[in-house]
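These notes are about the structure you will find just below.
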Amino acid sequence: MHFFKSITAALASTVCLYAPAASAETLKAPLLGIDSGFFLVPSTPVLERLIDLGINDLRDNTVWKWIETEKGEYNFDAEEQRGVDALNRAGLAGSLIIWADNPLYEDGNTVTTPSGIKALAKFVSAYLDHYPNIRSLEIGNEFNSSSFIYGPIKEFSSKQLAEVQYNYLKALDKFENIHNMRVIGASAHSIAAGYIWALLDLGGAEFMDAISIHTYTTEPEHIPAEMNVLRRHPAMADMEIEVTEFGQQDHALAPDFFWRNYCTMSQAGIERAVWYPLKQRGDGYPPVLQEDLSLSPLGQALAFAHKEVQGVPVEAFKPDPFTYGCVFNGKDAVIWGEPRGFQVNRSDIALRRGDLRPFDRDQELSRDRVVLLHTDGAPIDLGSDISFCPQPVVADSYHEFYRPEEGENARTAPGVEGFRRYLLVGDESRIVDLVTCPGQQRNGVPWRPYLCSAEEEFWQFSMMPASFNIVGSAEDNMRVVYDYESEREQLLYVDTEVSPNLLNAGGVTLDILIDGEKKVSEVVEGKQSNRYGPFAAPLGADVQVMFGPTAMPQVYLGDFRVTLRNPTCACDFDVCELEGEPRINGAPEPEQAAATTE
């Protein structure tokens with residue numbers, strides 16, 4: 001108790017982080033496209049609506065088997081492809097996916113033999129002769145998954161799939177008219193660096209102008225860092241990247257999700273970003289156009305970005321690890337992040353919601369709701385035009401997720417911020433370090449860059465920013481450790497969010513230790529959000545949060561997040577107040593093990 005009293009008076013002025021001006025890094029907003037689906041449902045009214053809106057970059061599909069129904073004979077007037085024909089003739093086809101299956105070859109399976117691949121390349125060349133104004137070709141769709149390939153290839157490993165993709169690219173390169181075409185290779189679901197690196201190791205970069213990925217498995221906030229992992233391959237240094245599908249199924253959050261992605265894709269150097277879908281496909285993904293062809297709330301956001309923002313200079317804004325933002329050409333900006341109040345310091349800056357409606361919420365940042373800013377005056381400078389409340393978050397396992405370089409680990413690398421991470425294994429609590437794995441480098445692992453065990457024995461362990469997977473024997477007795485070294489004398493709440501998808505019947509143990517003294521030890525058996533503390537942490541104190549299945553053999557597949565918050569931050573203006581806490585420079589009495597469950 002003596003330590004608590006001695007630091008309370010000084011805490012508010014020393015431990016709460018105010019947002020300084022971020023260093024400006026000039027980037028470019030991606031070009032915007034939409035996955036149109038005209039190959040499935042042609043529609044003249046939809047085409048006319050897109051022309052009225054000025055949307056001129058659509059991604060669609062070329063189905064080989066509809067056009068070549070006799071070997072070497074191509075019928076471009078086939079009824080089945082009239083929708084894509086209309087796109088091509090209107091000049092709206094930003095990119096076309098080439099499907100590599102035809103009943104005339106290899107029993108209708110995705111072609112893998114030299115003769116089948118040669119026939120595919122010949123068809124593509126003939127297609128370009130017929131439609132010479134096509135802007136780009138995408139070789140396959142999510143080629144590293146089993147969803148859009150057929151036949152024996154479904155059983156191929158990621159390296160074998162990469163080899164087939166390489167053979168496609170090499171065969172296409174033999175045709176002169178393809179040299180004048182933008183060729184997009186890899187066609188990957190997720191930022192599957194292991195699969196893409198395998199393609200590059202074969203020499204695939206020689207035959208393509210860009211790679212395509214779909215970012216469905218990567219949270220918007222982690223796109224830049226995972227792209228940086230992808231670019232660790234030498235052949236990726238100057239390779240352009242297109243995100244040829246992104247989207248999600250929450251209609252209410254779709255506009256905000258769009259802006260979070262568009263901002264972070266700008267920071268990641270993405271050349272082009274394609275929203276999925278244009279119209280409802282029956283899979284729950286929010287479309288751009290509603291059934292009456294009016295713009296959906298998501299469509300309002302995308303249409304505005306298409307008209308005003310795409311291709312313009314972008315300045316990234318990241319005053320701390322927990323706050324995100326972009327300024328587009330000085331006129332428009334977007335911010336979001338861990339909840340805290342803010343105020344605007346200029347009367348000529350208007351606030352909007354993600355769907356462009358006037359901002360009618362409390363002036364507080366949100367994890368998943370953005371704030372748009374617009375001005376017709378002087379360029380926006382988020383570092384000076386916005387004042388933020390103190391940052392109550394001290395460390396967070398989601399936002400501060402370090403992906404070590406080769407030869408480093410997530411415990412000792414100099415770039416680690418917030419939590420150091422590692423495994424404790426066995427009854428003797430042996431440390432097993434975590435390193436970066438590229439994703440899909442083998443079967444049975446995530447398809448995105450992730451933290452994996454430095455020891456092959458524990459290859460099934462994987463950690464992502466918001467989750468981890470443990471599969472271990474009784475002898476393994478694995479526990480995940482999040483380890484934070486207190487940078488000052490402070491009080492800390494420990495917030496945990498647990499959401500298991502697959503879990504042993506016995507639940508998981510959660511332990512919180514400060515300098516080796518156990519403050520919390522309990523079993524979590526289902527989805528929970530708890531707050532523990534506050535606890536007094538001296539300068540240099542070792543704050544550990546440990547988590548592991550209790551039953552043997554061990555199984556935990558699910559989400560986990562831990563956040564350290566300072567309870568004494570107070571604001572200088574009325575909109576800033578930590579929920580449930582006084583606005584004075586004080587704090588609740590520290591509690592050793594009490595938890596508040598939400």
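What to note about this one:
- Scanning the stretch 303-331 for residues that are of a type in the set (Gly, Ala, Ser) and either part of a loop (DSSP other than H, G, I, E, B) or over 21 Å from the mean Cα position of the chain (by Cα) (or both), we see that the one that is surrounded by the most Cβ atoms within 10 Å (Cβ to Cβ) is Ala303.
- In the stretch 45-64, the residues that are at positive phi and touching a residue at least 12 places away in the same chain (Cβ under 8 Å) form Cβ pairs under 9 Å with partners that are aliphatic (A, V, I, L, M) and surrounded by fewer than 21 Cβ atoms within 10 Å (Cβ to Cβ), at six or more places apart or across chains, as follows: Gly54/Ala303.
- Val370 satisfies every condition listed in (1) more than 30 Å from Ser158 (Cα to Cα); (2) free of Cβ contacts under 8 Å to residues at least 60 places away in the same chain; (3) among the aliphatic types (A, V, I, L, M) except (2).
- When we screen Val543, Val520, Val481, Val524 for residues that are open to solvent by less than 20 Å² (accessible area, probe 1.4 Å), in contact with a strand residue (DSSP E or B) (Cβ under 8 Å, 6 or more places away or on another chain) and farther than 22 Å from Glu428 by Cα, the only hit is Val524.
- Taken over the stretch 64-83, the criterion of being at pLDDT 95 or above and open to solvent by less than 10 Å² (accessible area, probe 1.4 Å) is satisfied by Trp64, Ile67, Glu68.
- For the stretch 332-344, the criterion of being open to solvent by 10 Å² or more (accessible area, probe 1.4 Å), outside any strand (DSSP E or B) and either without any contact (Cβ under 8 Å) to a residue 12 or more places away in the chain or touching a helix residue (DSSP H, G or I) at 6+ places or on another chain (Cβ under 8 Å) (or both) is met by none of the residues.
- In the stretch 207-238, the residues that are out of contact with any Leu (no Cβ under 8 Å at 6 or more places or on another chain), of a type in the set (A, V, I, L, M, F, W, C), open to solvent by 10 Å² or more (accessible area, probe 1.4 Å) and not in a helix (DSSP H, G or I): Ala237
- The C-beta contact set for the stretch 145-164 (first residue more than 13 Å from Thr113 (Cα to Cα), second residue among the charged types (D, E, K, R) and outside any helix (DSSP H, G or I), distance under 7 angstrom, 6+ apart or interchain) comprises Phe148/Glu142; Tyr150/Asp101.
- Options Phe468, Phe535; residue that is at pLDDT below 95, buried (at least 17 other Cβ atoms within 10 Å of the Cβ), part of a strand (DSSP E or B) and among the aromatic types (Phe, Trp, Tyr): Phe468
- Elements of type strands (runs of 3 or more DSSP E) in the stretch 417-461, at least 1 residues being surrounded by fewer than 18 Cβ atoms within 10 Å (Cβ to Cβ) and among the β-branched types (Val, Ile, Thr): 430-437
- The residues on offer are Gln363, Gln300, Gln267, and the sole one that is in contact with a Lys or Arg (Cβ under 9 Å, 6 or more places away or on another chain), buried (at least 16 other Cβ atoms within 10 Å of the Cβ) and either under 29 Å from Leu564 (Cβ atoms) or free of Cβ contacts under 8 Å to residues at least 40 places away in the same chain (or both) is Gln267.
The values are calculated or read from the model by the stated rules, or taken from the named source; none is laboratory data. Just so we're clear, the structure is a prediction, and the values are computed from it rather than from any experiment. For neighbour counting, all protein chains shown are included, and Cβ atoms are generated from backbone atoms with ideal geometry for every residue, glycine included. Ligands, DNA and RNA are excluded from the accessible area calculation, which covers all protein heavy atoms including side chains. Shrake-Rupley method; radii C 1.70, N 1.55, O 1.52, S 1.80 Å.
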